[in-house]
1. For a test of the definition: using alpha carbon positions, the gyration tensor, and the 1.5 limit on a/c, classify the range 100-150 as rounded, prolate or oblate.
2. Between THR74 and LYS130, how many nm apart are label points set 7 Å from Cα along the C-beta direction?
3. Calculate the FRET efficiency for ILE114 and ALA34 from the Cβ-Cβ distance with a Förster distance of 41 Å, rounded to the nearest 0.05.
4. Peptides 22-32, 121-131: what's the order by average Cβ count within 10 Å, highest mean first?
Amino acid sequence: MTGDTDDIIALRAALAAAEARAEVAEARAASAEAQVAHLKHLIARMRQDRFGASSERGRRLLAQLELELEELETTLAEDAPENAVNPAVRATAPRSNRGRQPLRADLPRERVVIPAPTQCPCCGSDRLSKLGESVTETLEVIPRQFKMGWTASMRHQCAMLGSE
């Protein structure tokens, strides 16, 4: 009977310790989430101010804040258990990052191929192997163009009319 009582006491102590660890983890996560939200707000404000008077200090501070935010988000992701989804994180994370849309198919295309080197620039060897290729589409704007044109009209007269 004393063995069962000791087991129950040990289990209660383990449960209390686990609950204490969970509360500490939740407090740490809430603090990190609040700091992430604060940094996101600061970054948004700084991005808005970036197009005003440009300042090198502001750009450096923005880069530093973005790095700090990224570090906090990775720490937060590492602390969270894999199978539990935190609804607060999910509520702040809906981003529709669609990226750049493809260019219209009816635009005229001009293909420019940059020839690959035939020799290594370092050692001069001609034994080169293809590592890959890069294809880039750029949209160029050709401004309105003006040109001078002239029209010549010739008058003809009948030779018979001129002899009268």
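1. Details: a/c = 4.33, a/b = 1.98, b/c = 2.19.
Here the range 100-150 falls in the oblate category.
2. Reported label-point gap for THR74 and LYS130 is 3.6 nm.
3. 0.20
4. Values: 22-32: 12.2, 121-131: 6.8.
Ranking the peptides 22-32, 121-131 by packing returns 22-32, 121-131.
No lab work stands behind these numbers, since they all come straight from the coordinates. Small disclaimer: the values here were computed from a predicted structure and weren't measured. Please note: Cβ atoms are built from the backbone with ideal geometry, for glycine as well, and neighbour counts cover all protein chains shown.
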